[in-house]
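The values are calculated or read from the model by the stated rules, or taken from the named source; none is laboratory data. Since the model is a prediction, treat every value here as computed from it, not as a measurement. Ideal geometry is used to build each Cβ from the backbone, glycine not excepted, and the neighbour counts take in all protein chains shown.
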Amino acid sequence: MDKSTLLLLAIILAVFGASVAAGHPAWGTFTGIAIILLAAGLAAGTLPLDSGAYFDERIGPSQRISNSLITMSSAAIVAIYAAGYHRTSPAAHRFDSQASGKASATIAAVVPPATANPATNTPAAASPAATPPVKKNNPRPTASPRKTPAGNSPATTTGINPSAGAEATPAVPHYKDGMYVAWGSCPHGDIEVSVSIEGGKIASTAISQCLTRYSCGWIAPKVPGGGLPDLPSQVVERQSPKVDYVSGATESSYAFADAVAAALSKALQ
Amino acid sequence: MHLPMPSPQPYPKHSNKGVRRSQALMGTVVTVHLVGGEGTPEGATHHEKAVEHAFDWFGRVEECCTRFEAESEVMRLASQPGVPVRVSTILYEAVQFALAVAEESAGAFDPTVGYAMETRGFNRDHRSGRKIETALDPGASVSYRDVRLDPDNKTITLLRPLILDLGAVAKGLAVDLAARELQPFGNFAIDAGGDLYLGGCNPDGEPWSIGIRHPRRENELIDSLRVSDRAVCTSGDYERRNSTDDSHHILDPRRGSSAEDVASVTVVASNAMLADALATAAFVLGPDEGIRLFDRLSVEGLIVTPELKRYETRGMSEYH
């Protein structure tokens, strides 16, 4: 029963009590007062003493405030975006030209350490084919990918994990067995990665040299497991250089992925 | 004068599918990753252009809101206390939002701590390394109530001499504007050092996976989240420590010292401006009040104390 109904009931009771008290002078006074007290009790129930009603009261206004903050922030973004600026601000122009000027310079600077020339991107281009197995692979416990790379040929793997093996096989057979090393670069420095190919598959990946300003432990924890992103394990697990985004170590994760891609492109030759 | 970027590292990439680029902006490295577009050459160019436009927003917001450059709009405003100053839409909206958060958090978040921050050694432009020193009356204690907005004329009046610190709002705002620029493409990630916006899915078609740094152990993550179409902002006492004493970059405006009860705060919200501002407010409010604030404003959050005790909103489990 909501509080307005209760209040109405209390008022009716109070009026009834009063009429009883007035109509029956002999015994009615007592009964009337009792009914009025009952009404008062009911009325009290509608006041904040009732916890449910009390919280309704409390949550109401704050929800309005929260909506206004969320609305206000979205409205601000829309207003600024709508005002636009692209072709009007000279600073933006300067920024544009600077960015494009530097872009070509950076590409030239970055490619040599990777040793891999244009072929660097080949594995990435091949990765659309690898996408389905990656999706299927993820939900599985991390233990299974650790088993997979243990030097087994794709045929053996098929035996262990029929679904994954069947799908993964088309994406991998290009790699030649051996150990491949390559560099990846980011604004924080360079990362050298070694990738070991066994039986045509990525058996293990490790950061062999970490020359970034920040520790590579960010993207490759010294103690694996614990549910934390471990990019070298992800490469083995997914059989591809596609690794997760690590907040706070985004650049390093990209450099790592690039290095893996470069190493894999060597394995393709 | 607008300083030339000392170390912009435009870094166009097509590996891992899509366009990915990083630049040093707003005192951090900003990375934009736009998924897709490799099908045709036109698609690739289109994507490159969009990423470029997304980056433009950072430069524009910084020009308006940085207190590290004497010529920025917010510093020009600081030099004219007592008079209504007509400002750009960006500055007006940023200040209006900052004041609303200040009101909502009862002053735990306060954009008028700029001068206090400057005098406490947070006075160096992260890009140029140049120091900024502003002559203000150091005795004056100011609060967000000393800022007046006129919505009709889009003017801001500083009732007392003060410097607005929009650090907790501007970076988030730039991320949101960049996100808006990339919205038509659906799948993208923007990372501006602790402020992230994750649109749609990663190249594998799954929600983006985001690691949250452990506030005390250098090489570990304390949690990892899976999010889509959400902003994630983490604020920690390990970032930007002051050189003179060991204070960090989040000031309790009510006490005038660094907030000490919290080691890191992560907020998941619909936009980065809100997430960043609320993370900063919760930092000052402490774990209990912080979580109450998140619940009240219907955002999700995780607060870690220096003793590594975790406090989180109930909805946070959705992102695990």
Enumerate the pairs (first residue in the stretch B:86-107 and closer than 19 Å to B:Ser72 by Cβ; second residue anywhere and polar (S, T, N, Q)) with beta-carbon separation below 8 Å, excluding pairs fewer than 6 apart on the same chain, so at least 6 apart or on different chains.
B:Arg86/B:Asn153; B:Arg86/B:Thr155; B:Val87/B:Thr155; B:Phe97/A:Ser73
Can you confirm whether A:Ser194 is at pLDDT 85 or above and surrounded by fewer than 24 Cβ atoms within 10 Å (Cβ to Cβ)?
yes
